[in-house]
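Report on one structure; see the data block that follows.
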Amino acid sequence: MMTHAHFPRFKLTHLAAATSLAALAAAPLAFASPIEIQINSTHSSGSFAHTFLEEFSERLEEDSPGRFNVRLFMGGTLGGEDDVLQGLGMGTHHASLAASATSQFNARTGIFDLPYLFEDRDDVAYFVDSDAGDMLREGFEGTGMRLLAMWDNGFRNITNNVRPVVVPEDLDGLRIRTPNNRQRVTMFNHLGANATPLAFGEVYSALDQGVIDGQENPAHVVQTARLDEVQDYLSVSNHVYLPTFLLFGEPFLNSLDEEDVEVLERVAQEMASWTFTWGEETDAAVLAELEGSIEVSEIDFAAFQEMAAALYEDPVFVDAIGQDMIDVTLDVMSQR
């Protein structure tokens, strides 16, 4: 006959109490509110930046389920890029996926304005993981923001209506629209073109009316802005590469546990190679589509690089970037 064990009442009471205490102790871990991260970008929803930030959010969830709640604010809804970057240091903003505006806070990021420094994304990835990349990161010290990772953005290409641009001489006399950027204007004038700064919103009509002969932008911009309707030639010039910088405010990071900061940094850095691959595949697909409406040609990169070398000593670049950053970068890339 089966007998049932009889436990003293006080033991059952103690057991129940111990179980309740254990449950209470575990509750904060199981039900802790996720950390909200607000990330700003001036790029629109559906852009490459949106794709990258959604991937970042998904990877954080896979790595640490329920720990982070990433909220994306596209189209500059939290403010202009300059204002948001200032806000990172003040603690009014959490994070931003930024681009050219970073040079106002860290002059070393201007290294990407040097023309023909990188021939492809493998060169860029090599730079990011080098002493030069470390030096660029250190340039954010004291700004109130920290660089978690450098992700893709894209190479700029030249389009025009006069002739295919394959060697530097092909640029002679061409009126090429540039952004209002001293380094870009200096570069094109040095290469023999007539640099013409113009607001991007005016580019299509200026090309259509013959006010300018060409412009320079990433291939996906040529496609989305329908510039192939008013341009005959596209040269895969890769004359300037610009990354995006995933920046977090130091006040925000300081409010987190070290373990959480480590996860953010690791996931962001692990994603870098994925963004470069995504960018390369996207460029190839866009160029293939554009070939149906515009003549696409490669350039003699070595010839352009040789002609542009003198710009690496030009005060317009040296004063903006810093001679030390340029020297370290050239030394690193010479070993590639």
Looking at the range 83-95, which of the residues that are hydrophobic (A, V, I, L, M, F, W, C) and in a helix (DSSP H, G or I) is most open to solvent (accessible area, probe 1.4 Å)? MET90
Just give me the residues in the range 304-331 being closer than 20 Å to ASN157 by Cβ, open to solvent by 30 Å² or more (accessible area, probe 1.4 Å) and touching a residue at least 24 places away in the same chain (Cβ under 8 Å), in sequence order. GLN305, MET307
The range 42-58 - residue that is assigned to a helix (DSSP H, G or I) and open to solvent by 60 Å² or more (accessible area, probe 1.4 Å) and, of those, farthest from LEU247 (Cα to Cα): GLU58
Mind listing just one residue for me: the one in the range 195-222 that is assigned to a helix (DSSP H, G or I) and of a type in the set (D, E, K, R) and, of those, farthest from the chain's Cα centre (by Cα)? ASP208
Scan the range 152-194 for residues that are in a loop (DSSP other than H, G, I, E, B), in contact with a helix residue (DSSP H, G or I) (Cβ under 8 Å, 6 or more places away or on another chain) and charged (D, E, K, R) and report the count. 1
Over the range 154-181, the set of residues closer than 26 Å to ASP319 by Cβ, open to solvent by 30 Å² or more (accessible area, probe 1.4 Å) and at pLDDT 95 or above is ARG156
Test: residue in the range 257-274 that is open to solvent by 60 Å² or more (accessible area, probe 1.4 Å), free of Cβ contacts under 8 Å to residues at least 60 places away in the same chain and among the polar types (S, T, N, Q): no
Only listed residue being basic (Lys, Arg) and closer than 30 Å to PHE301 by Cβ, chosen from ARG67, ARG59, ARG71, ARG121: ARG121
Determine which single condition LEU242 fails, assuming it passes every other condition in (1) under 22 Å from PHE140 (Cα atoms); (2) at pLDDT 95 or above; (3) open to solvent by 10 Å² or more (accessible area, probe 1.4 Å). (2)
What do you reckon, is GLU250 of a type outside the set (A, V, I, L, M) and open to solvent by 80 Å² or more (accessible area, probe 1.4 Å)? no
Pairs returned, first residue in the range 63-82 that is more than 15 Å from HIS93 (Cα to Cα) and in a loop (DSSP other than H, G, I, E, B), second residue that is open to solvent by 20 Å² or more (accessible area, probe 1.4 Å) and modelled with pLDDT of 95 or more, beta-carbon separation under 9 angstrom, 6 or more apart or interchain, are GLY66/PRO34; ARG67/PRO34; ARG67/ILE35; ARG67/GLU61
Suppose we filter THR159, THR143 for residues that are within 20 Å of MET325 (Cα to Cα), of a type in the set (Val, Ile, Thr) and touching a residue at least 24 places away in the same chain (Cβ under 8 Å); which single one remains? THR143
Out of all the residues in the range 6-41, which are open to solvent by less than 70 Å² (accessible area, probe 1.4 Å), hydroxyl-bearing (Ser, Thr, Tyr) and either in a helix (DSSP H, G or I) or modelled with pLDDT under 90 (or both)? SER20
Taking the residues in the range 141-161 that are in contact with a Ser or Thr (Cβ under 9 Å, 6 or more places away or on another chain) and among the hydrophobic types (A, V, I, L, M, F, W, C) as candidates, determine which candidate is farthest from GLU270 (Cα to Cα). ILE158
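The values are calculated or read from the model by the stated rules, or taken from the named source; none is laboratory data. Because the structure is predicted, anything quoted here is derived from the model rather than measured. Every residue, glycine among them, receives a Cβ derived from its backbone with ideal geometry; neighbour counts consider all protein chains shown. Calculation scope for accessible area: heavy atoms of the full protein, side chains included, ligands and nucleic acids excluded. Shrake-Rupley method; radii C 1.70, N 1.55, O 1.52, S 1.80 Å.
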